[in-house]
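Have a look at the structure below, then the notes.
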Amino acid sequence: MRRMEHWVRQVGPESCYRFYWLIAAVFLALPVTGSDGLAQTYALTRDPVELVKKYVSLDQKGVRLESKSWETLKPYVHWKEEPTWGHVMVTGSYKVVEDIKQWEIVSMLEVVIPVEFQVLGAMYWETAGFLPEKQVELVKFRVKAVGGRWRIIEPLLPPHVGQQRMIHYVRQAMLQEIEPSRLASLAALWEELQKAK
């Protein structure tokens, strides 16, 4: 407290009032900026595994199926744009490894978090075909501090979409298709996706 009194005597009461107003403004602004805004942008005070979980969850729900939904993923990744993919990996389930002992700790500001995907196969856009290829795919997500926030910096991989979401997506495409040959291809794809185990 003596320091504050000494400072007030040196700078004068007008500067002191400005200082108090500045402190008050900072404390009033904290609840606004410190609530959901920081929670959604993954500040470094949060666990990086939460970022990976959210990204993979959105991918499973098909967020990357449409180019207009790219904005939804920008807070999670470091790359500037999503490439156009010719195929989608259809998955049955996934598991984000939460045990820190299984992570690769590169530094205090960079980690590699593994995610296991139960892949059922690949769906190709051009041919509207499904290639069954059941496998466990281990993907290592590199998460790094970028601009004071956690961001996924790699890998840039094709969409990994849940089976049910792909079935609904193809069904919706069937309802909108007017060309008979394309509709027949989509119907065959829809059946193949339903059979995939």
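The values are calculated or read from the model by the stated rules, or taken from the named source; none is laboratory data. Nothing here was measured: the structure is a model prediction, and the numbers come from that model. Heads up, the Cβs are rebuilt from the backbone with ideal geometry, glycines too, and the neighbour counts pull from every protein chain shown.
Can you find a residue in the stretch 33-48 that is modelled with pLDDT of 90 or more, closer than 30 Å to residue 196 by Cα and surrounded by 10 or more Cβ atoms within 10 Å (Cβ to Cβ)? There is no residue in the stretch 33-48 that is modelled with pLDDT of 90 or more, closer than 30 Å to residue 196 by Cα and surrounded by 10 or more Cβ atoms within 10 Å (Cβ to Cβ). Quick one: how many residues across the stretch 85-140 are more than 24 Å from residue 163 (Cα to Cα) and of a type outside the set (Val, Ile, Thr)? Selection size over the stretch 85-140: 9. Checked against the criterion of being closer than 23 Å to residue 51 by Cα, basic (Lys, Arg) and touching a helix residue (DSSP H, G or I) at 6+ places or on another chain (Cβ under 8 Å), the candidates 171, 142, 165 yield just one match: 165. There is at least one residue in the stretch 128-136 that is buried (at least 16 other Cβ atoms within 10 Å of the Cβ) and more than 15 Å from residue 52 (Cα to Cα).
Selection of the stretch 115-129 for residues being aromatic (Phe, Trp, Tyr) and in a strand (DSSP E or B) yields 117, 124.
Per the listing 97, 136, 146, 161, the residue uniquely in contact (Cβ under 8 Å) with a residue 12 or more places away in the chain and touching a Lys or Arg at 6+ places or on another chain (Cβ under 9 Å) is 161. Quick check: is even one residue across the stretch 69-92 loosely packed, with under 14 Cβ neighbours inside 10 Å and farther than 19 Å from residue 156 by Cβ? There is no residue in the stretch 69-92 that is loosely packed, with under 14 Cβ neighbours inside 10 Å and farther than 19 Å from residue 156 by Cβ.
Conditions (1) in the same structural domain as residue 86 (by TED's automatic domain parsing); (2) under 16 Å from residue 126 (Cβ atoms); (3) touching a Leu at 6+ places or on another chain (Cβ under 6 Å); (4) modelled with pLDDT of 95 or more, marked per residue:
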{"position": "156", "(1), (2), (3), (4)": "yes, no, no, no"}
{"position": "160", "(1), (2), (3), (4)": "yes, no, no, yes"}
{"position": "173", "(1), (2), (3), (4)": "yes, yes, yes, no"}
{"position": "176", "(1), (2), (3), (4)": "yes, no, no, no"}
{"position": "179", "(1), (2), (3), (4)": "yes, yes, no, no"}
{"position": "182", "(1), (2), (3), (4)": "yes, yes, no, no"}
{"position": "187", "(1), (2), (3), (4)": "yes, no, no, no"}
{"position": "190", "(1), (2), (3), (4)": "yes, no, no, no"}
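Against the test of being at pLDDT below 95 and either under 21 Å from the mean Cα position of the chain (by Cα) or in the same structural domain as residue 74 (by TED's automatic domain parsing) (or both), the options 130, 117, 141 yield a single qualifying residue, 130.
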